[in-house]
Amino acid sequence: VVYMKTLGHYLVRDGEQEITCAISPRLRKKLIYPTADPSSLRHIVRGVAEIDAVDPVAIGDQVHFVDTQDGSGLIVEVLPRRNRLARLAAGRKPLEQVIVANLDYVVPVFAAAQPDPKWNLLDLYLASAESLGLDSLVCITKIDLSENGWDFRAEVDTYRRASYRVLLTSAVTGEGIEELKSALRGRVAVLAGKS
């Protein structure tokens, strides 16, 4: 599983082992083969087409890699994704940029105060996740600050009535942290929010 990437390098977790990998140049292009007799042993490339993605490998992808004998690896195949969170990349070409793949949860994170939550932004995150068939887990942080003015609990109840799971947390008091850890343990999640 790819769990982190930087320019040209992908960190892959294989059991307990972590390997820094590059990707095969073959993943950056689409080879076009002529229609051949199924019994043919030779496949001759007819042309090369560009891929329609910024990067063919995303965080969360299940991959096959080969050991390059120097402690690193080379990703040679990306297995089919069960889902993905993507956007249109910047630039003139209409390329897809996959942010993360094979998710269990999208976790919108919003503060209860300082700054006050933007509920319409939370709605946007939830609608985006729903449109992709992804489950959401809403995390409200800084609940220890909520007593200093703005009351958010009526809004939280609205989301809960709409069948969203909402966890209230505070890094200062520790409230809700164990419940959040339990909800995310063994899952692949992407956190989304203002920071």
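Here are some notes:
- Note on Trp119/Leu79: beta-carbon distance plugged into 1/(1 + (r/R0)^6) with R0 of 41 Å gives a FRET efficiency of 0.65.
- The dipole here belongs to the range 91-194: it is taken about the Cα centre, uses +1 on the Cβ of Lys and Arg and -1 on the Cβ of Asp and Glu, and is about 400 debye.
- Theoretical gain in end-to-end length, Ala154 to Leu11 [0.36 nm per residue, Cα-Cα removed]: 47.3 nm
- Phi-based couplings in Hz for the range 55-70 (Karplus 6.51, -1.76, 1.60; Gly and Pro marked x): 9, x, 10, 10, 4, x, 5, 8, 10, 9, 9, 10, 6, 8, 6, 10
- Amide hydrogen neighbours beyond the local backbone of Lys5, cut-off 5 Å, H modeled: Leu11
- The distance linking the range 114-165 with the range 71-105 is 27 Å (Cα centroid to Cα centroid, whole angstrom).
- D by Stokes-Einstein for the range 97-195, Kirkwood Rh over Cα pairs, 25 °C, 0.890 mPa s: 176 µm²/s.
- Ordered from longest to shortest, the equivalent ellipsoid semi-axes for the range 52-143 are 32, 17, 13 Å, each the square root of 5 times a Cα gyration tensor eigenvalue.
- Sites Val66 and Leu145 - FRET efficiency at Förster radius 35 Å, r taken between beta-carbons, to 0.05: 0.10
Since every read-out is calculated from the coordinates, none of them should be taken as a lab result. If you're wondering where the values come from, they're calculated on a predicted model, not measured in any experiment. All Cβ positions, glycine included, derive from the backbone under ideal geometry; neighbour counts span all protein chains shown.
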